[in-house]
Amino acid sequence: MKFSEIPYVRPDIDEIKTKSAELTDKITNADCAAQQIAAYDEADKIFNTFNTMSSVCYIRHTVNTNDKFYEGENEFFDESSPIISECSQNISKAILQSKFRTQLEEHYGRLLFTKIEIAVRSFSPEIIELMQEENKTASQYQKLYASAMVEWDGKKIPLPMLGPYKESPDRSVRKKAAQVTAEFFDAHREELDGLYDRLIKLRNAQARKLGYKNYIQLGYDRLGRNCYGQEEIKAFREQIARDLVPVVCKIKENQRRRIGVDKITIYDDTFSFPDGNAKPEGTSDEILAAGREMYHALSPETSEFIDFMFDNELFDVLSKEGKAPGGYCTEIPDYKAPFIFSNFNGTSGDVDVLTHEAGHAFAAYRAFKQGYISDYISPTIEACEVHSMSMEFLTEDYHDKFFGANTHKYSLAHCEDAINFIPYGCMVDEFQHMMYENEDLTPRQRNEIWLELEKKYRPYLDFDNLPFYSRGATWQRQLHIYLYPLYYIDYCMAQTVAFQFWIASMHDKSDAWARYLKFVDMAGTKPFDELVRAAGLKVPYEQGCIKAVADEISDWIDRADKK
């Protein structure tokens, strides 16, 4: 069914509560494992329908945050989602207490129970009001960001539309675009500081009510992390600072030389070539059509997938007033459909959407075809990001469909951007850990910590004394810090795995694709470390992984740069 034809019906919360209570009783009083399996599967369908309507609402709300109907429905889900979480937890608790646990594990697999155990300890009815308030506060940030209209050349444009100007060959234009961006955030400085302070305290309050020291471990549990913890992440960040930051500094020095500047400033950071970055050729519709051609050529599996996406209108990619910033891929469970949301702005990022977000969508499409229960449709987030980041590189033979004669420029800049991102992502992660460990910091202290982390992870970057950037408030542009706490290091670990898939494809493309497809088709049936090892790759936080990847990618960049 086409997305525009999907009917939206507000879920009946009382009906869901009643039905889930009945199913909880059935599980508790069951005479055999088969009865519990039937009840659990029925509950899964009920929650899938709730999540379907939630996704439809979220998509239509983010496509147009000025739509009053879906703004109201979004508020309804902010309020009701924690209530449904309580219903789901009651089902989970009943399953965990089953006297038929052995048979259930044989049917569903042991990992399901690991996931349930994590979910149960990370929720309690006593934190519902705090969760509702957190949802409202996060929505306020998103609405504020979505409202960003800036003055450019005498007219008002949405903030994401500054993207092409930030990549202009004219350095003064890039600087002006950076200044205009900063003006929006400076104008809302107190509001942004206040929203984040409130989110930190709301999340820490939830954690303490559940018996955690602070939000950090609760955040890990809510992300479903089931095979590593804070020590592994800390070790990973240390590898990045030790083994990758020096490589990135060398890459940035090459970039500085290429573009002919005395230093890399905040407005030079994403500018790669003196005559301008590679831009996709053609209109937005032509770029989408080229994406369809690419996936037809890549494999039979992706050909089937992309036709499904186009035939069912499962894209909204054009930037417009009132549209939420950023990009995402989400799922519509009852229709077994993914959906891609983005803001095309005429830069190479438009193509990245057709590889990155389509990687997510391809994995979801394949998982739905496998017929997994909802708990197994998606793996943990870092594995999901492997799906998308790997697709960015595994499609490289077809990037000329978008960039023509400038394909080599795109390939080099894309690789450099990917490796340059990893230290930045670690900086975002370490910053968040410090914020939740020290919730009473003032806005100024938070900014000072960010500036210290800049020196650790991006020592090459100069802020040119520009307001907003030089006071250390750049983190407020990062949606994840407000909306998706502690979900950012996942990108960094995923990128190291994606690089390994790419390196494998340089040696044997068909073998690399088969390994990638195996990784994708396991969906959420295994934890992250087992998924990676099953594909014959190294887990990112293993000692030595980062240096091995960094050396190979650095050599490729050196060869490409010389061309």
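The values are calculated or read from the model by the stated rules, or taken from the named source; none is laboratory data. Since the model is a prediction, treat every value here as computed from it, not as a measurement. Virtual Cβ from ideal backbone geometry, glycine too; neighbours counted across all protein chains shown. In case anyone asks, the SASA skips ligands and DNA or RNA and just uses the protein heavy atoms, side chains included. Shrake-Rupley method; radii C 1.70, N 1.55, O 1.52, S 1.80 Å.
Per-residue ellipticity at 222 nm from helix content only, as computed over the chain with -39500 (n - 2.57) for each DSSP H run of at least four residues, stands at -21500 deg cm²/dmol.
What is the range 282-439 by shape, rounded, prolate or oblate, if you read a ≥ b ≥ c off the alpha carbon gyration tensor as root eigenvalues and call it rounded for a/c under 1.5, prolate for a/b larger than b/c, and oblate otherwise? Oblate shape, in that a/c is at least 1.5 and b/c is the bigger or equal ratio. In this simple spin-label model, placing a label point 7 Å from the Cα along the Cα-to-Cβ direction at both L318 and Q35 gives a separation of 5.7 nm.
Give me the Kirkwood hydrodynamic radius of the range 6-158, using the inverse of the mean 1/r over all pairs of distinct Cα atoms, in Å to one decimal. This gives a value of 17.7 Å.
Overall, the accessible surface of the chain at a probe of 1.4 angstrom is composed of carbon and sulfur to the extent of 48 percent. Database remark: amide H of F344 closer than 5 angstrom to the amide H of L318, S319 (H placed geometrically; neighbours at sequence offset of 5 or more, or on other chains; Pro and chain starts carry no H). The long axis of helix 110-121 is offset from the longest Cα principal axis of the chain by roughly 90 degrees. The 1.4 Å probe gives accessible areas that order L354, L96, largest first, as L96, L354. Relative to one another, the C-alpha centroids of the range 43-102 and the range 291-324 are positioned 26 Å apart. Of all DSSP beta bridges in the chain, what percent run antiparallel (nearest 5)? Bridges in the chain are about 65 percent antiparallel. If R0 is taken as 56 Å, the Cβ-Cβ distance between E281 and I13 corresponds to a FRET efficiency of 0.70.
Annotation: C57 carries an accessible surface of approximately 0 Å², with a 1.4 Å probe and no ligand, DNA or RNA atoms counted. Normalised by 2.2 N^0.38 Å, where N is the number of residues, the C-alpha radius of gyration of the chain stands at 0.96. Label the range 351-441 by shape, choosing from rounded, prolate and oblate, from the square roots a ≥ b ≥ c of the eigenvalues of the Cα gyration tensor; if a/c is under 1.5 it is rounded, and otherwise prolate applies when a/b is larger than b/c, oblate when it is not. Oblate, because a/c is 1.5 or more while a/b does not exceed b/c. Projecting label points 7 angstrom from Cα along Cα→Cβ for R533 and D397 puts them 3.2 nm apart. Summarising the label geometry, the points placed 7 Å from Cα in the beta-carbon direction at D555 and K155 lie 5.0 nm from one another.
Relative contact order for the range 410-478: 32 percent, from Cα pairs under 8 Å spaced at least 6 residues apart, divided by residue count.
If you take the square roots of the eigenvalues of the alpha-carbon gyration tensor of the range 416-563 and sort them as a ≥ b ≥ c, do you get rounded (a/c under 1.5), prolate (a/b over b/c) or oblate? In terms of gyration-tensor shape, oblate.
Largest first, the residues C545, C384 sort by 1.4 Å accessible area into C384, C545. Accessible surface ranking for E190, E331, E286, 1.4 angstrom probe, highest first: E190, E286, E331. Estimated from the Cβ-Cβ distance and a Förster radius of 22 angstrom, the FRET efficiency linking K455 and K250 is about 0.80. Ligands, DNA and RNA are left out, and with a 1.4 angstrom probe the accessible area of the chain is 40 Å² per residue. Compared with the alpha-carbon gap, the fully stretched path from L441 to S172 is longer by 93.3 nm at 0.36 nm per residue. Residue-wise HN-Hα couplings along the range 249-260, as the Karplus relation 6.51 cos²θ - 1.76 cosθ + 1.60 with θ = phi - 60° gives them from phi, are 4, 5, 4, 5, 5, 4, 4, 4, 5, 4, 8, x Hz; Gly and Pro carry x. Contact order for the chain, expressed relative to its length and based on alpha carbon pairs under 8 Å spaced 6+ residues apart, stands at 18 percent. Here R559 sits with roughly 130 square angstrom of accessible surface, probe radius 1.4 Å. For the listed residue pairs K136/K320; K250/K518; K68/K136; K19/K115; K2/K68, the alpha carbons are over 26 angstrom apart in K250/K518. Using the Cβ-Cβ distance between K93 and K68 with R0 = 45 Å, the FRET efficiency computed as 1/(1 + (r/R0)^6) comes to roughly 0.70.
H507 sits among other residues whose Cβ lies under 15 Å from its own Cβ, and their net charge, with Lys and Arg +1 and Asp and Glu -1, is -4. Here the alpha carbons of the range 466-533 define both size measures, Rg and Dmax, at 17.3, 50 Å.
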